Amino acid sequence: MAFKHGGAEGAEMRASTRLEELGITLPTGLTPVALYKPAVVTGSLCYVSGNINQDADGDLTITGKVGAEVTLEQAREAARLAAINALAGAVNTIGSIDRVTKVVRLTGYVNGAPGFDQPSKVIDGASELLRDIFGEDGIAARSAIGLAELPFSAPVEVELILEIRA
């Protein structure tokens, strides 16, 4: 699906082209760590399960609490990687990133140290990536929630709701 992307008036670009330009390859081998599906489609919506900052081998790139062991910049990078993994889960279900017409909702969870009050700045790492891929259609309704713990001591978890075309 082509979308209008910032820049030249009327310029349209496919999400797969943007991924290539950004040097992003969606991982294909990530498997659920519990009893759930990576993504589920109903109607024109794809609900993507929570994803953490796993690399292509399934290992976490960093662990710990944001504001203690993990810096804000490291957490933003973890959120970006979690969003990439979420998109990979969607693509493994729907077949092509070019079926995504809009990011409807982004929910981000941040494993924050006591007193860490900037989960929205962390989740900006995911929001900026989605905007860079989908243009204005990548800017979603969003929540950024600070928590005391996340699975495997991940600093961040991201889930998405995507609008897709048939």
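Structure data summary
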{"read-out": "Spin-label pair Tyr36/Glu136, simplified geometry with 7 Å Cα→Cβ offset, distance in nm", "value": "3.3"}
{"read-out": "Protein accessible area in the range 31-166, 1.4 Å probe - carbon and sulfur %", "value": "51"}
{"read-out": "Top of Leu60, Leu35, Leu22 by mean-square fluctuation, Gaussian network on the chain, Cα under 10 Å", "value": "Leu35"}
{"read-out": "Reachable aspartates and glutamates, given that their alpha-carbon falls under 14 Å from the alpha-carbon of Lys37 and they are not under 8 places away in the same chain", "value": "Glu159"}
{"read-out": "Long-range HN-HN contacts of Gly50 with modeled amide H, under 5 Å", "value": "none"}
{"read-out": "Of all DSSP beta bridges in the chain, antiparallel share, percent nearest 5", "value": "70"}
{"read-out": "Relative contact order [Cα under 8 Å, 6+ residues apart], the range 1-150, whole percent", "value": "26"}
{"read-out": "Under the span-like rule (Cα at least 15 Å along the axis, Kyte-Doolittle mean at least -0.5), DSSP H helices of the chain", "value": "72-94, 119-134"}
{"read-out": "Principal semi-axes in Å for the range 51-139 [√(5λ), Cα gyration tensor, largest first]", "value": "24, 15, 9"}
{"read-out": "Debye log10 I(q)/I(0) at q = 0.11, 0.17 Å⁻¹ for the chain, Cα point scatterers", "value": "-0.41, -0.96"}
{"read-out": "Partner aspartates and glutamates for Lys65 [C-alpha distance under 16 Å; skip if fewer than 8 residues away on the same chain]", "value": "Glu73, Glu77, Asp117, Glu149, Glu157"}
{"read-out": "Per-residue ³J(HN,Hα) for the range 33-47, Karplus 6.51 cos²θ - 1.76 cosθ + 1.60, θ = phi - 60°, Hz, x for Gly and Pro", "value": "9, 7, 8, 6, 9, x, 7, 9, 9, 9, x, 9, 10, 10, 8"}
{"read-out": "Solvent-accessible area per residue for the chain (1.4 angstrom probe, square angstrom)", "value": "49"}
{"read-out": "Loop trypsin sites (Lys or Arg not before Pro), the range 113-154, which have at most 10 other Cβ atoms in a 10 Å radius of their Cβ (DSSP)", "value": "none"}
{"read-out": "Ellipsoid equivalent to the range 51-91 - semi-axes via the Cα gyration tensor, in Å", "value": "20, 10, 6"}
{"read-out": "Normalised contact order of the range 97-166, rounded percent, pairs of Cα under 8 Å and 6 or more residues apart", "value": "55"}
{"read-out": "Dimensions in Å of the range 10-97 - Rg and Dmax from alpha carbons", "value": "14.5, 45"}
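The values are calculated or read from the model by the stated rules, or taken from the named source; none is laboratory data. Here the structure is a predicted model, which means the values were calculated and not measured. FYI the Cβ positions are ideal-geometry reconstructions off the backbone, even for glycines, and counts take in every protein chain you see. With ligands, DNA and RNA removed, areas are computed over all heavy atoms of the protein, side chains included. Shrake-Rupley method; radii C 1.70, N 1.55, O 1.52, S 1.80 Å.
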